[in-house]
Amino acid sequence: MFSVDLWQTRKKEITLSNAICWTLIWILLALLFNGFIYFFWNDISPMSSINNKEAGTAFFTGFVLEKSLSVDNLFAFAVIFTQFAVPKELRPRVLMIGIAGALILRAVLIFIGAKLIQEFDWILYIFGIILIITGIKLWIESYKNEGDEEKDYTNNLAVRCIKKFFRVSNNYHDFKLFIKDKSGRLVTPMLIVITVIAITDLFFALDSIPAIFAITPEPFLVLSTNIFALLGLRSLYFVLENMLDKFKYLGHALAIILSFIGIKMMLHKVYAIPTGIALGVIVFVLSSAVIMSIIYNKKVN
């Protein structure tokens, strides 16, 4: 399915109707897979410590959580594209690399995280602390950015290192990463953009993976929720491309959710907050953020 997603968005121009159609298809498939989990969980994982109802609820909760965190990825991609002036016809391929990289990073981190949790139960407390700190930092950043200041990706360490050791061409040359002139080899801005996207993927994965392990320790559910959250993300980008700046309070919502998930993880020995309650909190916070954003935009306009 992931290959199909990459194939159908391979074109340089993706229409809004195509993007909406495929976004809905991938969400529908996720819900169908959720039903499959519910009815056949005992066959999928007969040794699992959770029942089919708990597995179905965990998958849906994880999907909603990871999808909302993936939308935050889209915010970062949109800012990167703007700051580096990436031509619109090149953006689909850059997104393809960014999302494929995110999938690989998350798969690796899920494998490592599952092994660590199996061997060292106390690692959950470290994950919880990471999520709480990340939530607090995200809240502070969201509060500071209410003046519409965007994070500057053009002057980070990776960009400075590339510019220090290589000559960089002024213009994009289709999707080429290197070109030659009379003085030798140059890197193109495309190489810088892909490097920044890869580093951004890594930072988002470091937040995302501990969060999903707080919902369920089942590696199969953790990986499948991440895959379904990333499926159709390119299509979703082109649906939301002109609306991303309208979600004013999404950063605040994600900060609350990450902090809540971190607290849930820290309390797992004292009181295991039911997954159904966690789902309710996530849906309520996200819905409130969307409604508040709509009200704010109406007042401004």
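Tell me, what is the FRET efficiency for residue 18 and residue 174 to the nearest 0.05, using R0 = 22 angstrom and their Cβ-Cβ distance as r? If you can, show how the numbers build up before the last one.
Numbers: r = 22 Å, r/R0 = 1.02.
Efficiency, from the Cβ-Cβ distance: 0.45.
Give, as a single signed number, the net charge of other residues whose beta carbon lies under 14 Å from the beta carbon of residue 132, with Lys and Arg counted +1 and Asp and Glu -1. Mind dumping the intermediate values first?
Numbers: positive: 137, 264; negative: 207.
Around residue 132, the charge tally is +1.
Compute the long axis of helix 189-215 from its Cα atoms, compare it with the longest principal axis of the Cα atoms of the chain, and write down the angle in degrees, 0 to 90, nearest 10.
10
Counting other Cβ atoms within 10 Å, keep those with at most 16, restrict to DSSP loop, and tell me which chymotrypsin sites (Phe, Trp or Tyr not before Pro) in the stretch 225-295 are left.
Numbers: sites: 228, 237, 238, 247, 249, 260, 271, 284; in loops: 247, 249, 271.
Counting only loop positions with at most 16 other Cβ atoms within 10 Å, the chymotrypsin sites (Phe, Trp or Tyr not before Pro) in the stretch 225-295 are 271.
How do 58-66, 190-198 rank on mean C-beta neighbours within 10 Å, highest first?
On the way: 58-66: 24.8, 190-198: 20.4.
Per-residue Cβ counts within 10 Å, averaged per peptide and sorted highest first, yield 58-66, 190-198.
Obtain the radius of gyration and the Kirkwood radius of the chain from its C-alpha atoms and give Rg over Rh. Could you put the intermediate results ahead of the total?
Values: Rg = 20.2 Å, Rh = 20.5 Å.
So for the chain, dividing Rg by the Kirkwood Rh gives 0.98.
Net charge near residue 258: determine it from the other residues with C-beta under 13 Å of the C-beta of residue 258, scoring Lys and Arg +1 and Asp and Glu -1.
Numbers: positive: 137, 264; negative: 66, 72, 141, 207.
Value of the local net charge: -2.
Between residue 152 and residue 272, what's the calculated FRET efficiency when r is the beta-carbon distance and R0 is 30 Å? Round to 0.05.
Details: r = 42 Å, r/R0 = 1.38.
Efficiency at R0 = 30 Å is approximately 0.10.
Using only the alpha-carbon atoms of the stretch 151-249 as identical scatterers, what base-10 log of I(q)/I(0) does the Debye formula give at q = 0.11, 0.20 Å⁻¹?
Listed by q, the Debye log ratios stand at -0.54, -1.10.
Taking +1 at the Cβ of each Lys and Arg and -1 at the Cβ of each Asp and Glu, which of 202, 235, 90 sits farthest along the dipole of the stretch 2-300 towards its positive end, judged by Cα position relative to the Cα centre?
90
Read-outs throughout are calculated quantities, based only on the coordinates presented, and are distinct from any laboratory measurement. Since the model is a prediction, treat every value here as computed from it, not as a measurement. Reconstructed Cβ throughout: ideal geometry from the backbone, glycine too, with neighbour counts over all protein chains shown.
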